[in-house]
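Presented below is the structure to which this report refers.
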Amino acid sequence: MIFGLGKSLQAWVSHLLKNPIEIIKIAILVLIILFSSYEKYKVFDKTGGDFATYKKASREFLSGINPYDYTVRSYLEEGSTRRSDTTKPRENDLSHGYAYLPGLLYIQAPLYKLSEIVDFPLQRLWSLPVLLADIGVSILLIFALYKKSYLASLIAVAAWSYNPFFLINQTYTNSEPYPVFFLLLALLMLEKYEKLSAVFFATSVAFKTFPLMLLPIFLLKSKNILRFLLIGLSVFIVISLPFMKSFEDFWTYIQGSLLVHGERELQGRPLLSYLQYYTGWQFFQVSYFKFYAFAALITGPILVFMKRKENVHKHIQAMLTLSCFYVLTPILSRTHLIWFIPFYLLGMYELTNPTSLSQSPKNDNKRLILYTFVIILFYVLYALYLSQWGRGFRYIGDEILL
């Protein structure tokens, strides 16, 4: 399997070396990646609200303390003081603890220790591997699109490298490229390198749980569903080993990484709330919060399952699944939309340029123009959405306020 990947890469490099024009094309893509990476490096010192949470989790993990214990307690305290009026601040507001599976913790904790030894700013150490994953996503987009359309790969790399979140907020994300990179890698390997696809899919879940929404796509496209699930389960067991000292320890880990999310309130600027606030139409009712949260998770997978006999391309399936989530979710932060970008880029390409069609050069140009238009449209809408985001929505009853 690994040998096959290496052979494919070697053949591609050999092809490039024989074609000077191709080297120039690749050089342009590399320059975009390098220049955008430098621009991102310049804002590494800006830390988000989760920075202190991650530091605390790293310290506790290195000290042998289960960091999820604090996570569970923080959510329990919030649940005991759940507000009907979110326009008023909490009394004794307690910041949430680390509430994800430990993929990120396994990167940050060793780097936290290293920062103490080498006296290097922690925020920069933590951001460097994030940037590597960010670059990795660009490389995967090139592999997915380059042979189909160089211009499409150029647009995709530029759209990802200079995503609206980075440009509008002039800051860098804490961790979003990690799950995106491994999920995209798993999706690209699906059907050809199925075992590796299962490993990378499970790895993406170790960073964030949103990839689980795409599990039906992997299972429907997989040649051996049981093997795929067993490999994923094996990865989960391996990453969970440090938290299996006792049943109580393990249960705290499960609660803190997975179950606490069911108790969250309206957060950020969900799209339905956004539409309701600016149009006055009743798109969203806070009293049905849990319904929307559940519907956001299952609507996409249900549509994928219903269309299983139509052989829909996996990139379109991924885009559709995430689109349903973004429309319905009552919890939407500014960084959440970063997850969507690569899957929109690939899904829209496949939608506007189906690989199953034999096209004339004239039709190819028209389809590329259409692809460029839908990418620009998404980019502009995302940028406008972020530019108006001073703070998240709040509510009194079902009335949404800023």
Quiz item: According to a simple spin-label model (label point 7 Å from Cα along Cα-to-Cβ), what is the distance in nm between LEU241 and ILE225?
Solution: 3.1 nm
Quiz item: In square nanometres, what is the average projected area of the Cα convex hull of the range 16-401?
Solution: 21.6 nm²
Exercise. First measure r as the distance between the Cβ atoms of PHE289 and LYS18, then evaluate 1/(1 + (r/R0)^6) with R0 = 51 Å and state the FRET efficiency to the nearest 0.05.
Key: 0.30
Exercise. Could you sort 195-207, 155-167, 211-223 so that the peptide with the highest average Cβ count within 10 Å comes first and the rest follow in order?
Key: 195-207, 155-167, 211-223
Quiz item: Based on the Cβ-Cβ distance of ALA27 and GLN170, what FRET efficiency does E = 1/(1 + (r/R0)^6) give at R0 = 22 Å, to the nearest 0.05?
Solution: 0.20
Exercise. Provide the gained length on full extension for the span ARG124 to GLN267, in nm with one decimal, where the gain is 0.36 nm per separating residue minus the Cα-Cα distance.
Key: 48.7 nm
Quiz item: Of all chymotrypsin sites (Phe, Trp or Tyr not before Pro) in the range 278-343, which ones are in loop regions per DSSP and have a Cβ with at most 13 other Cβ atoms within 10 Å?
Solution: TRP281
Practice problem: Would you mind calculating the gained length between ILE298 and ASN311 on full extension (0.36 nm times residue separation, minus the Cα-Cα distance), in nm to one decimal? | Solution: 2.7 nm
Self-check item: Calculated log₁₀ intensity ratio I(q)/I(0) where the Debye formula runs over C-alpha points of the range 172-304, q = 0.12, 0.20 Å⁻¹
Solution: -0.62, -1.23
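Throughout, read-outs are computed from the coordinates displayed, never taken from laboratory work. Just so it is clear, the structure is predicted and the values come from calculations on it, not from any experiment. Cβ coordinates were reconstructed from backbone atoms using ideal geometry, including for glycine residues, and neighbour counts include every protein chain displayed.
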